[in-house]
Amino acid sequence: MNQNLSAYRIFYTVANAGNISKAAKELYISQPAISKSIQKLEDGIGCKLFARSSRGVALTEEGELLYSYVKNAFETLTLGEEKLHRSIELGVGHLKIGVSSTLCKYILLPYLKEFIKHHPHISISITCQSTNDTLKLLEDNKIDIGLIGKPENAKTIHFDYLEEIEDIFVATKDYLRNLKTRGVTKNNILQNSTLMLLDKNNMTRQYIDDYLQINHIHVQDSIDISDMDLLIEFAKIGVGVACVIKNFVKTELSEGALMEIPLGIPIHKREVGVAYKSQLKPSKSLKTFIEFYHTYTPA
């Protein structure tokens, strides 16, 4: 664009007013300043934009063409200003969250349900993937915040604890009864069953693999499953022994649909919380969400 925005503002105002005197009053500048700006604009473009008469000014054919584009541009700017003012008044914002599908369903949703009640004008987008992928999105500034298991080494990440989770192994009574019939003792269930685990890209799986290795538990038969809900469902129909998060199968355990398998050495509980980049200044929406989860306790 060869001309500055103020020149086009003057052109737009004069075209709407049809009179330089009226435009001068509207813009709070002198008539000679307007005439000089129009002349400079015409010289720069290389054509006459206004036809002058005793009654005022009217757009030439070339002026009409330019006006159609300038009008759209200034209407778009006005609309942008209006939306910005409205967003400031209403607290409108956008929050981008990364979370695994499991943590999203069982931990994040109760927080979001209450958060949206109090802040309905903040739009939320959720990207579901593993904790490792969420950390990568945080690092690349593609999300504002992530709900993850506490990472061991994340120097650039600020982590706020929300709750503890406990990994357990479960199966149906019938599946365990069949193992017992085959002579499998309680201490050897994991080694002699079809073990169902989350896929290897999942941080939970890596945590469980470490537990199995440290305790010299050698798995003979295993199935990788990408979703915790599917793990639970496969366990309920007797496919094998599933590694799940205890709090997510409370109903199944209380109703007897699944049985927790006792372990000689229990799996250490893990911390789950909210993570965001410590080096970046948080947006207004992120600040609002941080303040919210610091004070809210899900039922």
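The values are calculated or read from the model by the stated rules, or taken from the named source; none is laboratory data. In this text, all values refer to a predicted model and were calculated from it rather than measured experimentally. Neighbour counts are summed over all protein chains in view; Cβ atoms, including those assigned to glycine, are modelled from backbone coordinates with ideal geometry.
Pairs are defined by a Cβ separation below 8 Å, a sequence spacing of at least 6 or placement on different chains, a first member in the stretch 53-74 that is under 17 Å from residue 34 (Cα atoms), and a second member that is β-branched (Val, Ile, Thr) and not in a strand (DSSP E or B); the pairs so defined are 56/20; 57/14; 57/20. Scanning the stretch 156-194 for residues that are part of a strand (DSSP E or B) and under 22 Å from residue 254 (Cα atoms) gives 163, 164, 165, 167, 168, 169, 170, 171. The C-beta contact set for the stretch 38-50 (first residue farther than 17 Å from residue 17 by Cβ and without any contact (Cβ under 8 Å) to a residue 40 or more places away in the chain, second residue surrounded by 14 or more Cβ atoms within 10 Å (Cβ to Cβ) and small (Gly, Ala, Ser), distance under 7 angstrom, 6+ apart or interchain) comprises 40/7. The residue that is modelled with the lowest pLDDT, among those in the stretch 262-280 that are touching a Ser or Thr at 6+ places or on another chain (Cβ under 8 Å) and not in a strand (DSSP E or B), is 279. Residue pairs whose Cβ atoms lie under 7 Å apart, sitting 6 or more positions apart in sequence or on different chains, and linking a residue in the stretch 184-203 that is in the same structural domain as residue 221 (by TED's automatic domain parsing) and surrounded by fewer than 15 Cβ atoms within 10 Å (Cβ to Cβ) to a partner that is assigned to a helix (DSSP H, G or I) and at pLDDT below 90, are 199/205; 201/132.
Among the residues of the stretch 268-288, those that are in contact with a strand residue (DSSP E or B) (Cβ under 6 Å, 6 or more places away or on another chain) and not aliphatic (A, V, I, L, M) comprise 269, 270, 271, 273, 276, 278, 284, 285.
Here residue 188 fulfils each of the conditions (1) modelled with pLDDT under 90; (2) more than 20 Å from residue 269 (Cβ to Cβ) apart from (1). The criterion of at least 2 residues that are under 30 Å from residue 142 (Cβ atoms), modelled with pLDDT under 90 and among the hydrophobic types (A, V, I, L, M, F, W, C) is met, among helices (runs of 4 or more DSSP H) falling completely within the stretch 1-97, by 61-90.
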